[in-house]
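Student: Got a structure for you, written out below as structure tokens; questions coming shortly.
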Amino acid sequence: MDKLLIRGGRSLNGEVQISGAKNSALPIMAATILCSAEAVIENIPDLKDIRTMSKMLEILGASVRFEDNSRLVINTEHLTSKEAPYELVKTMRASVLTLGPLAARFGYAKVSLPGGCAIGERPINLHLMGLEKMGAEITLSQGYVVATVKALKGAYIYFDIPTVTGTENLMMAAVFAKGRTTLENAAREPEVQDLADYLNAMGAKVYGAGTSVVEIDGVEGLTPIPYRIIPDRIETGTFIAIAGITAGDILIKGCRADHITAVIDKLQETGIVITEEASGLRVKAPAWGSLQCADVKTMPYPGFPTDMQAQFIALMSVANGTSIVRETIFENRFMHVAELRRMGANIETEDNIATVRGVQRLIGAPVMATDLRASASLVVGALAAEGETLIERIYHLDRGYEKIEDKISRLGADVQRVR
Ligand code: EPU
């Protein structure tokens, strides 16, 4: 299994190009199930999760090919299966995004129920509640959810909790439903809006995506046109943290500042200076040892994203003073804390609160990645740590960060992939 060996303590400087957003690419790939045609999606990041979703579409009978590294061509004319098998769903929860489009196109979907994962239980009850309201019969059999319906119909659906993939699944399910579907307390993430933009570009009638009320009027069919997905806001935030912790000066190119205003605002509080330039965001960090502490609470968009919490904790582990970090989205998302402690961080957790007392310096150590964003936080910490950090199980990192070692190495990091 691949590991990452990082010798920390260097300032990272230069330019980095942000890749397409993983969490936009996955639902948009699933949305191609809605058409019986060839779809072209641009700006797709080369990631393990993307390959898993490609495999999922192939299992359903689609043909999928990469062109020019970042253009994906998916042909969904001859889908033969309506079943998302356990073997794939267990490796990537986002496979559950096939449920809505399969039910919409075929009136039948059989999708393995994802189990818990490293960051929490992550149920999909709200996805199922929505499909039921749209007239689907939902049964559970041998670990699989089976949705059966003659024709989905529009419905009023209220989410107790705003759910990103839940909103996306039901938005896709509603595209061909008879009448109007209203999703209330919907997730407002830019990725939800990107999916709506894609669906609308193909002829769907989705209104209000990006707000908490999304309305969808059913249409008869969709016609694919090439579509370019948005840049990855979490990768952008991670590179701001990387510049910040290494006293660096990085130009983050091709990102969308308007998608991470909460992150920019919070990280500026720590003394990092972030300014917009024509080609992206210029991030200038304070000198080594000058970062200031800051408190944060994770919230659904437009709040501070849970997907940046781990990287923020790594950053605050070397800030002056004590930072309080509240995780409100997932119940078990502090797995990185024990690993950062192995590097000398002073962090205590109780329930959903981490108290981070800044230390002068982290010291390199062997550590283990436990999930995607936890791995990113270990990279952030390792880049500032004295000596060598060997990060094990970086397959988690490969799920969501395109060519991370090339990108940080070009910025001046001493990093090596060890097999
Ligand atoms: N929830 C329920 N019932 C449901 C669905 C969600 O109780 O039916 C709860 C969850 O347990 C959680 C909260 O609602 O407490 C929000 O979860 P959400 O459904 O929004 O998460 P998700 O859709 O499973 C997506 C991203 C995650 C990101 C979260 C939160 C994708 C493919 N995944 O997950 O991304 O952390 O939204 O923003 O879009 C990552 O990229 O590392 C990652 C984990």
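Student: Of the residues ALA369, ALA376, only one is open to solvent by less than 10 Å² (accessible area, probe 1.4 Å), under 20 Å from GLY237 (Cβ atoms) and at pLDDT below 95; which?
Tutor: Within the list ALA369, ALA376, the selection yields ALA369.
Student: Is it the case that THR80 is away from the ligand (no atom under 16 Å from the Cβ), more than 17 Å from the chain's Cα centre (by Cα) and loosely packed, with under 15 Cβ neighbours inside 10 Å?
Tutor: yes
Student: Need the failing condition index for ASP194 against (1) among the acidic types (Asp, Glu); (2) free of Cβ contacts under 8 Å to residues at least 60 places away in the same chain; (3) buried (at least 20 other Cβ atoms within 10 Å of the Cβ), just the number.
Tutor: Unmet condition: (2).
Student: Scan region 212-228 and report the pairs whose first residue is closer than 19 Å to ALA186 by Cβ and among the hydroxyl-bearing types (Ser, Thr, Tyr) and whose second residue is in a strand (DSSP E or B) and open to solvent by 30 Å² or more (accessible area, probe 1.4 Å), with Cβ atoms within less than 9 Å and a gap of 6+ or a chain change.
Tutor: Taking only residues 6 or more apart or on different chains, the pairs are SER212/GLU184.
Student: So, ALA314, is that one modelled with pLDDT of 95 or more and either at positive phi or crowded, with 22+ Cβ neighbours inside 10 Å (or both) or not?
Tutor: yes
Student: Condition (residue is more than 16 Å from the ligand (Cβ to nearest atom) and buried (at least 19 other Cβ atoms within 10 Å of the Cβ)) applied to region 397-404: is it met by at least one residue?
Tutor: no
Student: State yes or no: is ALA338 over 30 Å from ALA186 (Cβ atoms) and free of Cβ contacts under 8 Å to residues at least 24 places away in the same chain?
Tutor: yes
Student: Might you check whether a residue that is touching a residue at least 40 places away in the same chain (Cβ under 8 Å), under 27 Å from ARG51 (Cβ atoms), more than 16 Å from the ligand (Cβ to nearest atom) and open to solvent by 60 Å² or more (accessible area, probe 1.4 Å) occurs anywhere in region 385-392?
Tutor: yes
Student: So which of GLU235, GLU191 ends up being assigned to a helix (DSSP H, G or I), within 13 Å of the ligand (Cβ to nearest atom) and not assigned by TED's automatic domain parsing to the domain that holds MET29?
Tutor: Matching residue, one of GLU235, GLU191: GLU235.
Student: Return the residue satisfying two criteria in turn: it lies in region 263-299 and is within 16 Å of the ligand (Cβ to nearest atom) and open to solvent by 50 Å² or more (accessible area, probe 1.4 Å), and of such residues it is nearest to GLU191 (Cα to Cα).
Tutor: Among those that are within 16 Å of the ligand (Cβ to nearest atom) and open to solvent by 50 Å² or more (accessible area, probe 1.4 Å), it is MET299.
The values are calculated or read from the model by the stated rules, or taken from the named source; none is laboratory data. Just so we're clear, the structure is a prediction, and the values are computed from it rather than from any experiment. When we count neighbours, we look across all protein chains shown, and the Cβ atoms used for this are built from the backbone with ideal geometry, even at glycine. Quick note on the areas: whole protein, heavy atoms, side chains included, nothing else; ligands and nucleic acids left out. Shrake-Rupley method; radii C 1.70, N 1.55, O 1.52, S 1.80 Å.
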